[in-house]
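This report concerns only the one structure given below.
None of the figures in this text is laboratory data; all of them are computed from the coordinates on show. For clarity, every value in this text was computed on a predicted model and none was experimentally measured. Positions of Cβ are generated from backbone atoms using ideal geometry, with glycine treated the same way; all protein chains shown enter the neighbour counts.
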Amino acid sequence: MTLQNAEDSLTSKISHRDILVAIHIQAGWDSIACQHQGPLHKEFCQETGIICRVFFEFQLFLTFQHRFVPTAFKHPLDPLTPDETEIKAIKFITTYLLPPPKKLVLAYLGICLTLGGQPEAPTPIIRKAEVDFLDVVNGDTYNLPEGTQPQISVQELVACEAIVKSDARVQQLAKEVGVLPEQIVCDGWSICYDDRFPQKRRIQQTLIFARLSEHENLYAHPLDFIAMVDANAEEVLHIDFPPHYKNTANGATLSVPSTKFPELSEDAFAATSQPQIPPPLKMFDFLPDLMQKNEENLKPRDDIKPLHIVQPEGVSFKLDGNELEWQNWKMHISFTHREGIALSTITYNDNGKIRPIIYRLSLAEIVVPYGAPEYPHPRKFAFDSGEYGMGTMANELSLGCDCVGQIHYLPGAYVGHDGSAIVIKNAICIHEEDNGVLWKHTDYRPGGHTQTVRRRRLVVSMVCTLANHEYIWNYHFYQDGSIKLEVRLTDILQVYVAETDEPIKFGTKVAPNVNAQSHQHLFSIRVDPMIDGINNFVIESDVIPLPNASTGSDLNFTGNVFIQEDTVLKKEAGSDWDWEKEQKWKIVNPARQHYSSGKDVGYVVGVKGGVTRMMARKDGWALKRAQFVNYPVWVCRDVEGVKGSRMWPAGQYVPQTKESPADLIGAWVKGEQNIENEDILVYLTVGTMHIPRPEDWPVIPVEHLNITLKPQSFFTMNPSMDVPETRDPKSVSAFSQEAAPSHAHAGCH
């Protein structure tokens, strides 16, 4: 059957069923074995006589022609609705909105492209969505390099566990160390890379544990083998047995001679030259009722008094669909399967003037490399966004738990295997927080006055769980015009079983026989700036001691002088961190200068405290896949193509890549394109090194990573000077019960 006939038949079927979308097919059809995916696919197969089980790549277009009913939207960047997701989801990996052209969106919203200009005339915006799918029989993805794999779906991860639990070899290995088949549980991970298997096979590695009772902490009982699963064939391909270390006269020695990948072998266990280690059986739970049954008999503390957050007059923000206004801020909030939260068209009302600041702000990628060399542990090299997706792993948030106070939630939706929309009702949380003092001054002279203004912030947040890891995403907006992206990390450590006397070189023995391996978390944050317009550039700002001015010289007699040196980044490049300097980067618009400082209006980027290096060697496989970690700041041109802007610094398709894909950030940034006074993108890299502590077990207390964006010569003066002083009438003295003045606006003296 020809592609045109297939397209005509499918389009005819859609028209006949009054579906709201037109479909543009970008793939050929093969005669292959079929297990139908969804009613539309099944109907098409029956009509054409094709026997097919496919999930190639499709691109789907909403159309506003008279035969089709247009999908209403309040904002062109609204996420796909559940109805849109379900209609478009002919196959089961991902479906997502292709960003409309930036200039069309800004024209639609009446936002000027340049300072002092007029908004362009709005034109109709056609919402486009893309769906990824592949041939589950032979693993091919149409029109993509051989072996390219789309994101791993939630349902594939769930199915992976069922495949492993039912495998006879896995059951026998578990039985040999006292684990029953019903106690076997596992986490599916992307394989990252393994030369022993064809890249076209869709493979997961499974980290296997024993769950000894319902709801107990399964990670306390790791098993001593890792199963390889073909998600398409639904079978266990192979079982790997990591070697262990022994104390010898020469120090800690591995039980095999090399960390190279071993050959595939039916007797892979024998090749390790070691007995299988039974899982540790000691319970380390985190649920209160189970902790009381453990050896430590931990009971909840009873000395914590209630703490309530009350807003008697309601919240200070308002929403129109997905468009949020708070104080002088206005922005659009979207949910995507890969990024989770995406904030767009962020503007600030500066005394009646609507000033654009950021066109789009979102997560671009996360990489989590582990540091153990013994095979197969180097495969623990997760790209949490590109391989799994923050949106698809988002939690259903609970009122009064994840966010407290007066809360508003926004939903999220992603596609299921059968083409239906999976909806997370409470995916994104919006609320306000008191954040201490915004500014204060006391005139210490007799009779002097004090002014204390408290800081309020708006928080847009979500929580994502990827196997043992949790990420808490908080986008903070402040009354002084600043923005902060905060990532909070909490999880259960990724662990492996260890012998009682085994030396641990690349981790920490956080409990008997439990080896928590050292690892890193590195994040790439995508900033699409529009500081008073879309043409901006970046300045590297270094604070250094005054050069060529030694102590005792005429220029620097006391040796205290330091200056700020600014360097304009003129060509696409990564900008490195210099530990000898106080370093920041400024995103500026040269079309306007501050009335007093004379500096270009802009925002300064702060990543201090989050700058870290990936510890893998520069010529290693890890850095070939995660080039974005090489620099804390990257700047490139925004080149909008058929599929939108440059979005993914580790590539659009991440699973199972070994060498550098062609669409990595290193391929974008070759120093050829001018980035001075252009439409640019800024990628920020922050991270943390995690050498596990026993105090991180069984659950890690939250760690924080922050990126700040602060106005610099953007506002005439402190934009929060009009925030009123407030005195909380509900505040009382802790022990005397002396109350604050009843009038909420009474001054603080």
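Using a basic spin-label model with each label point 7 Å from the Cα along Cα→Cβ, how many nm lie between Gln276 and Lys608?
Result for the modelled spin labels: 5.4 nm.
Given R₀ = 30 Å, FRET efficiency for Arg196-Ala249 by Cβ-Cβ distance, to 0.05?
Efficiency computed from Cβ-Cβ geometry: 0.35.
How do Tyr359, Tyr414, Tyr475 rank when sorted from fewest to most other Cβ atoms within 10 Å of their own Cβ?
Numbers: Tyr359 25, Tyr414 29, Tyr475 22.
Exposure proxy ranking, most exposed first: Tyr475, Tyr359, Tyr414.
What shape does region 562-633 have by the C-alpha gyration tensor, where a ≥ b ≥ c are the square roots of the eigenvalues, rounded means a/c under 1.5, and otherwise prolate means a/b greater than b/c and oblate the rest? List each step's numbers first, then the result.
Values: a/c = 3.15, a/b = 2.18, b/c = 1.45.
Here region 562-633 falls in the prolate category.
Would you kindly state how much longer the chain becomes between Lys74 and Phe562 on full extension, computed as 0.36 nm times their sequence separation minus their alpha carbon distance, in nm to one decimal?
Working: separation 488, 0.36 × 488 = 175.68 nm, distance 5.13 nm.
Taking Lys74 through Phe562 to full extension adds about 170.5 nm, to one decimal.
Taking K and R as +1 and D and E as -1, what net charge do the other residues with C-beta under 12 Å from the C-beta of His75 add up to? Let's see the in-between values first.
Details: positive: Lys74, Arg127, Lys330; negative: Asp78, Asp320, Glu323.
The answer is 0.
Could you tell me which of rounded, prolate or oblate describes region 603-643, using a ≥ b ≥ c as the square roots of the eigenvalues of the alpha-carbon gyration tensor, with rounded for a/c under 1.5 and, failing that, prolate when a/b is larger than b/c and oblate otherwise? Before the final figure, lay out each step's value.
On the way: a/c = 3.61, a/b = 1.18, b/c = 3.06.
Here region 603-643 falls in the oblate category.
Need one number: the % of Cα-Cα pairs in region 377-475 sitting beyond the 18 Å mark.
Details: 3004 of 4851 pairs.
Cα-Cα pairs of region 377-475 separated by over 18 Å account for 62 percent.
What does the extension gain come out to for Asp619 and Ser733, with contour length at 0.36 nm per residue minus their alpha carbon separation? Please list the in-between numbers first.
On the way: separation 114, 0.36 × 114 = 41.04 nm, distance 6.14 nm.
My answer for the length gained is 34.9 nm.
Return the FRET efficiency for the residue pair Lys570, Ala168: r is the Cβ-Cβ distance, R0 is 56 Å, and the value is rounded to the nearest 0.05. Walk me through the numbers before you get to the answer.
Numbers: r = 63 Å, r/R0 = 1.13.
With R0 = 56 Å, the Cβ-Cβ based efficiency is 0.35.
Once both labels are modelled 7 Å past Cα along the beta-carbon direction, what's the Asp434-Gln292 spacing in nm?
The answer from the label model is 3.3 nm.
At a Förster radius of 30 Å, what calculated FRET efficiency corresponds to the Cβ-Cβ distance of Trp577 and Ala667, to the nearest 0.05?
Numbers: r = 23 Å, r/R0 = 0.75.
According to the calculation, E is roughly 0.85.
Quick check: net charge around Glu339, other residues with Cβ under 11 Å of its Cβ, Lys/Arg +1 and Asp/Glu -1? It would help to have the intermediate numbers written out before the result.
Values: positive: Arg338, Arg360, Arg526; negative: Glu365.
Once positives and negatives cancel, what remains is +2.
Reachable aspartates and glutamates from Lys509, Cα under 16 Å, same-chain residues fewer than 8 places away excluded?
Excluding near neighbours in sequence, the set is Asp224, Glu499, Asp501, Glu695, Asp696.
Only counting other Cβ atoms within 10 Å, I'd like Phe381, Phe286 sorted with the fewest neighbours first. List each step's numbers first, then the result.
Numbers: Phe381 22, Phe286 15.
In order of increasing Cβ crowding within 10 Å: Phe286, Phe381.
Please give every one of the lysines within straight-line cross-link reach of Lys318, meaning a C-alpha to C-alpha distance under 20 Å, and leave out same-chain neighbours fewer than 8 residues apart.
Lys74, Lys330, Lys353, Lys425
Compute the separation of the alpha-carbon centres of region 525-552 and region 150-189 and state it in Å as a whole number.
52 Å
Quick check: pseudo-label points 7 Å beyond the Cα along Cα→Cβ at Leu546 and Arg693, how many nm apart are they?
Inter-label distance under the simple model: 4.3 nm.
Shape call for region 192-343 from the C-alpha gyration tensor, a ≥ b ≥ c root eigenvalues: rounded (a/c under 1.5), prolate (a/b greater than b/c) or oblate? Could you put the intermediate results ahead of the total?
Working: a/c = 2.96, a/b = 1.59, b/c = 1.86.
Note, shape of region 192-343 comes out oblate.
For Asp443 and Glu676, calculate 0.36 nm times their separation in residues minus their Cα-Cα distance, and state this gained length in nm to one decimal.
Details: separation 233, 0.36 × 233 = 83.88 nm, distance 4.55 nm.
Extending this stretch completely gives an extra 79.3 nm.
What's log10 of I(q)/I(0) for region 582-704 at q = 0.14, 0.15, 0.19 Å⁻¹, Debye sum over Cα points only, no solvent?
Ignoring solvent entirely, the Cα scatterers give -0.81, -0.90, -1.19.
Where does each of Lys581, Lys102 land when they are ranked from fewest to most other beta-carbon atoms within 10 angstrom? Write out the running numbers ahead of the final one.
Working: Lys581 15, Lys102 21.
Ordered from fewest to most neighbouring Cβ atoms within 10 Å, Lys581, Lys102 come out as Lys581, Lys102.
What list of ³J(HN,Hα) values in whole Hz, one per residue of region 675-687 in order, does the Karplus curve 6.51 cos²θ - 1.76 cosθ + 1.60 (θ = phi - 60°) give from phi, with Gly and Pro shown as x?
The phi angles translate into 10, 8, 6, 10, 7, 10, 10, 10, 10, 10, 10, 10, x Hz.
I want to make sure I understand the PRE zone here: with the label point 7 angstrom from the Cα of Thr726 toward its beta carbon, which residues in region 302-325 have backbone N atoms less than 19 Å away?
What the label zone holds, given the 19 Å backbone N cut-off, is 307-319, 325.
Pairs of alpha-carbon atoms within less than 8 angstrom and 6+ residues apart define the contacts here; what relative contact order does region 420-494 have, in percent? Intermediate values should be presented prior to the final figure.
On the way: 131 pairs, mean separation 17.6, N = 75.
It rounds to 23 percent for region 420-494.
Quick one: which residues, 5 or more positions from Ile422 or on another chain, have an amide H under 5 Å from its amide H? H modelled 1.01 Å from N in the peptide plane, none for Pro or chain starts.
Tyr414, Val415, Gly416
Can you list the aspartates and glutamates whose alpha carbon sits under 18 Å from that of Lys200, skipping same-chain ones fewer than 8 residues off?
Partners within reach: Asp30, Glu57, Asp132, Asp135, Asp140, Glu146, Glu156, Asp230, Glu234, Glu235, Glu387, Glu659.
Taking the Cβ of Asp434 as the centre, find all other residues whose Cβ is under 10 Å away and add up their charges (Lys, Arg: +1; Asp, Glu: -1). Walk me through the numbers on the way to the answer.
Numbers: positive: Arg454, Arg455, Arg456, Arg457; negative: Glu432, Glu433, Asp728.
That sum, taken over residues with Cβ under 10 Å, equals +1.
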